[in-house]
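One structure is given below, encoded as structure tokens.
The values are calculated or read from the model by the stated rules, or taken from the named source; none is laboratory data. Please read these numbers as outputs of a predicted model, since none were measured by experiment. Counting neighbours? That spans all protein chains shown, and the Cβs are built from the backbone with ideal geometry, glycine included. The accessibility values were calculated without ligands, DNA or RNA, using every heavy atom of the protein model including side chains. Shrake-Rupley method; radii C 1.70, N 1.55, O 1.52, S 1.80 Å.
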Amino acid sequence: MANIETDIVIIGGGLTGGVMAVALTSAGLHCVVVDRQAPPEQLTPEFDGRASAIAQAPQQMLARLGIWPRIPAEESPILDIRVSDGESRLFLHYDHEEVGAPALGYMVENRHLRHAVQQALYAANGGQLKAPADIASIDAGPDSTVVSLAGGEQISCRMVIAADGRGSWTREQAGIQVTAWDYGQTGFVCTVAHEHPHQNVAHERFLPAGPFAILPLSNNRASIVWTEKEPAAAHIKSLDDSAFMATLARRFGDFLGQLELVSPRWAYPLSLQFAWSSTSERLALIGDASHAMHPIAGQGLNMGLRDVAALAEVLTDAHRLGLDIGAAHVLEGYERWRGFDNMLMLASTDGLNRLFSNDLPPVRLARDIGLAAVNKIGPLKKAFMRHAMGQSGNLPRLLKGQAL
């Protein structure tokens, strides 16, 4: 006999899993979140170090779920995006006023977002957190699933949601295969303070080694996402802070004045990965457990939040109809809804990285002309902007700012 009975067990209590729990409990479903790590008492800058670009549609979902108001005022709106190819004078410029939106998106430090999600989950009626806790086994049956924890506790549920990241143990136990490849690139992440205001403009520069993004944060700061190929990446990783900043400044330029490193530095190997299926017996994958992409467009977390919105709607609608939320025909609806969108984004980010991470003159000329053409063709440009804002495709209710 299981110690706990609930509707859903979510494995992984990070950003995606946490938002999933808040969404489900807001719709009247009960869930238990199991995470290997206990939430830190204080989310210092050293906790994560990254900042996320939250597109407008996912921001509307976070606001609807009561998460966004819990984020400190440090979030920074992205009013403009400027995309350029190295030193070329041709560029692509997105302006929020062209689509009549208050912002194209928002930059939020992950530690602030994580804290807001935790607080919303603690306040939720119907949510429990088991952390730190290791899972011993997951036994899916025809009518229910039993999740056994390493300490001996058992949780009986109608389905499991895997939100345990790229190396998902849950996905592996379910026998779901993945396709993956390494880019031979490293992503360096840090925060810098700068002398002049950034005017809430995000810059994406395509350099031969990979993209270099300057993303606006509050208080004259910027989040840097800097891609380098090996072996140069290994050399940069070995530099002390002074030499690192000198190297970064050569790529950054002087348009924002003097720079100062105001955070630790992180380095992440970059790769693409996707699961052959996002569902199995009484199981659904979300976020990086299902798909992990190159950060070239800053869409990784946004795609995970789109998973959350779609799965929450599928499960909520099934629950209200009195259906078995873990049944195969219910989960197939989620697979169909998210499959094409995820594959399109994976292919797009992979293609963009391959297209721009080289310096062949004919290719460089073609892409520069392409950027300039999109910049001049109004309807096409607006379509790209709405896609970047997360407003394209068949949107779930939460992404429209509507209640489940």
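Assess whether Leu29 counts as being in contact with a His (Cβ under 7 Å, 6 or more places away or on another chain) and modelled with pLDDT of 95 or more. Steps first, please.
Values: in contact with a His (Cβ under 7 Å, 6 or more places away or on another chain): yes; modelled with pLDDT of 95 or more: yes.
So Leu29 fits the description; yes.
Scanning segment 144-153 for residues that are in contact with a Gly (Cβ under 9 Å, 6 or more places away or on another chain) and open to solvent by 20 Å² or more (accessible area, probe 1.4 Å) yields a total of 1. Restricting segment 154-191 to residues that are part of a strand (DSSP E or B), open to solvent by 20 Å² or more (accessible area, probe 1.4 Å) and touching a residue at least 60 places away in the same chain (Cβ under 8 Å), the residue that is nearest to Asp143 (Cα to Cα) is Ser156. Comparison of Ala312, Ala267, Ala289, Ala318 shows that the only residue that is at pLDDT 95 or above, within 29 Å of Asn353 (Cα to Cα) and either of a type in the set (A, V, I, L, M) or crowded, with 22+ Cβ neighbours inside 10 Å (or both) is Ala289.
Being over 17 Å from Asp7 (Cα atoms), hydrophobic (A, V, I, L, M, F, W, C), touching a Pro at 6+ places or on another chain (Cβ under 8 Å) and assigned to a helix (DSSP H, G or I), is that true of even one residue in segment 306-328? Spell out the reasoning first.
Taking segment 306-328 first, the residues over 17 Å from Asp7 (Cα atoms) are 306-307, 309-310.
Filter once more, so that each one left must be hydrophobic (A, V, I, L, M, F, W, C): 309-310.
Adding the requirement that they be touching a Pro at 6+ places or on another chain (Cβ under 8 Å) leaves 309-310.
From what's left, assigned to a helix (DSSP H, G or I): 309-310.
Yes, segment 306-328 contains a residue that is over 17 Å from Asp7 (Cα atoms), hydrophobic (A, V, I, L, M, F, W, C), touching a Pro at 6+ places or on another chain (Cβ under 8 Å) and assigned to a helix (DSSP H, G or I).
The numbered conditions (1) open to solvent by 20 Å² or more (accessible area, probe 1.4 Å); (2) modelled with pLDDT under 95; (3) touching a helix residue (DSSP H, G or I) at 6+ places or on another chain (Cβ under 7 Å) are all true for Arg82 except (3).
Within the span defined as segment 275-286, every residue fails to be open to solvent by less than 30 Å² (accessible area, probe 1.4 Å), assigned to a helix (DSSP H, G or I), modelled with pLDDT of 95 or more and under 28 Å from Ala21 (Cα atoms).
Here is a yes/no grid of residues against (1) of a type in the set (A, V, I, L, M); (2) within 30 Å of Ser290 (Cβ to Cβ):
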| site | (1), (2) |
| --- | --- |
| Ser238 | no, no |
| Arg251 | no, no |
| Val262 | yes, no |
| Phe274 | no, yes |
